[in-house]
Amino acid sequence: MSDLQITPLNALHRELGAKMVPFAGYDMPVQYPMGVMKEHLQCRAKAGLFDVSHMGQVILRAPGGYAAVAEAMEALVPVDLLGLGVMRQRYGMFTNDAGGILDDLMLANRGDHMFVVVNAACKTADIAHMRAGLMGVEVEEITNRALLALQGPAAETVLAAIVPDLAAMRFMNVGVFASEFGELWISRSGYTGEDGYEISVIEDQAVSLARCLLAHEDVAPIGLGARDSLRLEAGLCLYGHDIDTGTTPVEASLSWAIQKVRRAGGARAGGFPGEDRILKELHEGASRARVGLRPEGRAPMREGTPLFAAAEGGEAIGHVTSGAFGPTIESPMSMGYVPQGLAAEGTELYGEVRGKRMPVRVAKLPFTPATFKR
């Protein structure tokens with residue numbers, strides 16, 4: 001335990017009865033006494049509060065302002081950052097020379113600088129990658145702020161009691177707001193498929209803000225267990241599982257995140273690592289695809305389950321990358337990779353569980369429709 005880092009909310013998690021587990025080098029809550037199933041449904045029906053302070057927060061500045069940062073960053077990511085509006089945020093990914101994904105991240109235009117949120121497990125590598133690849137750009141890791149996520153249909157009402165102006169925000173807007181808990185950096189986003197917010201708060205105010213939010217009757221604390229089932233129902237990738245250095249954005253069904261201007265024929269086509277493979281796959285298609293999977297019965301098909309085209313014989317044609325029981329859809333759900341020819345919705349495949357092949361059908365993603373405020 002001594003090797004694990006802790007977030008500013010660690011003592012609060014324990015006070016609330018959380019079961020703590022190691023995650024990405026941090027001591028994190030996997031569930032609270034309510035249990036994963038009820039926490040998941042709480043977030044879908046009302047609101048849930050997540051501690052995501054283990055993730056990396058980074059500010060990028062350059063003498064030329066946001067445009068100079070965006071131009072430099074476009075050499076590392078295949079997304080349109082120069083065209084990103086002020087106080088808007090965009091999903092992107094760092095790619096490698098083979099077209100694989102080094103990490104997925106959120107990038108925001110905050111007027112004169114860029115604000116970036118990266119995954120906890122990749123934080124150190126991502127910051128080093130930016131410092132090495134962004135010439136003339138100051139890369140500042142923010143180490144004195146916590147990050148909370150308030151997710152669910154009641155999130156707006158709850159948070160508007162603290163910051164009234166944020167009710168006007170729409171999905172992927174960002175803002176900087178004064179509050180009784182100091183300056184809050186807020187984005188209308190999250191990773192559950194629900195409407196909600198991510199809130200960066202100075203670390204010595206984090207517990208006070210969390211207590212204030214949890215005092216509302218519609219808010220409960222949510223751990224990593226329900227965070228995983230929520231994002232899986234929403235069809236969202238978990239880095240290191242559904243996407244990694246050997247997976248391209250096109251294979252991962254993330255082509256929507258690569259804007260026209262960065263594609264072949266666009267004004268700023270290519271210019272990012274792995275462009276040859278990624279641009280070719282965008283034009284011709286990839287040989288495999290990430291798909292949703294609905295196993296028959298009640299047992300989930302977990303990560304690593306091999307997939308076959310037939311009930312007997314033959315080699316594995318793919319594998320499951322994430323799997324869990326979906327409390328909202330009341331059935332098991334998985335995601336995985338299959339050849340393009342077997343990726344059509346409704347295709348019957350077989351997952352091998354404990355030596356026995358069980359039927360599973362390719363399903364449309366997301367399993368639960370998103371409720372973002374557009």
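The values are calculated or read from the model by the stated rules, or taken from the named source; none is laboratory data. Values in this document were obtained by computation on a predicted structure and should not be read as measured data. Positions of Cβ are backbone-derived with ideal geometry, glycine not excepted, and every protein chain shown enters the neighbour counts. The accessibility values were calculated without ligands, DNA or RNA, using every heavy atom of the protein model including side chains. Shrake-Rupley method; radii C 1.70, N 1.55, O 1.52, S 1.80 Å.
The residues neighbouring ARG88, those whose beta-carbon lies less than 12 Å from its own, together hold a net charge of +3 under the Lys/Arg +1, Asp/Glu -1 convention.
Of the trypsin sites (Lys or Arg not before Pro) found in the stretch 21-115, no site is in coil according to DSSP while having at most 16 other Cβ atoms within 10 Å of its Cβ. Think of each Lys and Arg Cβ as +1 and each Asp and Glu Cβ as -1; about the Cα centre, that makes the dipole of the chain roughly 760 debye.
When a 1.4 Å probe is rolled over the protein heavy atoms, the share of accessible surface on the stretch 185-253 that falls to carbon and sulfur comes to 48 percent. Solvent-accessible surface of the chain, taken per residue with a 1.4 Å probe and all protein chains present: 41 Å². Between the C-alpha center of the stretch 1-54 and that of the stretch 109-168 there is a gap of 19 Å. Its DSSP H runs of at least 4 residues, each contributing -39,500 (n - 2.57), put the calculated 222 nm mean residue ellipticity of the chain at -5000 deg cm²/dmol, to the nearest 500.
Where in the stretch 119-156 are there trypsin sites (Lys or Arg not before Pro) that are in a DSSP coil and have at most 12 other Cβ atoms within 10 angstrom of their Cβ? Show your work: numbers first, answer last.
On the way: sites: LYS123, ARG131, ARG145; in loops: none.
Within the stretch 119-156, no trypsin sites (Lys or Arg not before Pro) qualify (loop, at most 12 other Cβ atoms within 10 Å).
Looking at the stretch 175-270, the GluC sites (Glu not before Pro) that sit in a DSSP loop and have at most 11 other Cβ atoms within 10 Å of their own Cβ are GLU180, GLU217. Computed over the stretch 1-84, the quotient of the alpha carbon radius of gyration and 2.2 N^0.38 Å is 1.58. A simple spin-label model places the labels of ARG211 and ASP97 5.4 nm from each other, with each point 7 Å out along Cα-to-Cβ.
Given R0 = 30 Å, the distance between the Cβ atoms of ALA344 and ALA299 translates into a calculated FRET efficiency of 0.80. Identify all lysines with a Cα-Cα distance to LYS46 below 28 Å; exclude those on the same chain that are fewer than 8 residues away in sequence. Within the straight-line limit of under 28 Å, LYS46 reaches these lysines: LYS19, LYS38, LYS364, LYS373.
Figure the gain on full extension for GLU183 and HIS283 (residue separation times 0.36 nm, minus the Cα-Cα span) and round it to one decimal in nm.
Working: separation 100, 0.36 × 100 = 36.00 nm, distance 4.47 nm.
Once the chain is fully extended between GLU183 and HIS283, it gains 31.5 nm.
Working note: Karplus 6.51/-1.76/1.60 with θ = phi - 60° gives the stretch 69-85 the couplings 5, 4, 4, 5, 5, 5, 7, 10, 10, x, 10, 7, 9, 5, x, 6, x Hz, where Gly and Pro are set to x. Spin-label pair TRP256-ASP244: with each label point 7 Å from Cα along the Cα-Cβ axis, the two points sit 2.5 nm from one another. Between VAL86 and THR143, the FRET efficiency from the beta-carbon distance, with R0 = 25 Å, is close to 0.45.
Between the listed residues ALA68, ALA18, ALA98, the Cα displaced farthest toward the positive end of the dipole of the stretch 1-135, a dipole computed from Cβ unit charges relative to the Cα centre, is found at ALA18.
Please state the shape class of the stretch 54-145: rounded when a/c is under 1.5, otherwise prolate if a/b exceeds b/c and oblate if not, all from the C-alpha gyration tensor. Rounded, since a/c falls under 1.5. Classify the chain: rounded, prolate or oblate, from the alpha-carbon gyration tensor (a ≥ b ≥ c, eigenvalue square roots; a/c under 1.5 rounded; otherwise prolate if a/b is larger than b/c)? Here the chain falls in the oblate category.
With +1 on the Cβ of every Lys and Arg and -1 on the Cβ of every Asp and Glu, and nothing else charged, how large is the dipole of the stretch 124-245 about its Cα centre, in debye rounded to the nearest 20?
Details: 7 positive and 19 negative charges, 13 e Å.
For the stretch 124-245, the charge dipole is close to 60 debye.
Can you bin the stretch 217-326 into rounded, prolate or oblate? Criterion: square roots of the alpha carbon gyration tensor eigenvalues sorted a ≥ b ≥ c, rounded for a/c under 1.5, prolate for a/b above b/c, oblate for the rest. It comes out oblate by the Cα gyration axes. Residues within the reach of a label modelled at MET135 (point 7 angstrom out along Cα to beta-carbon, backbone nitrogen below 13 Å), restricted to the stretch 63-82, are 72-73, 75.
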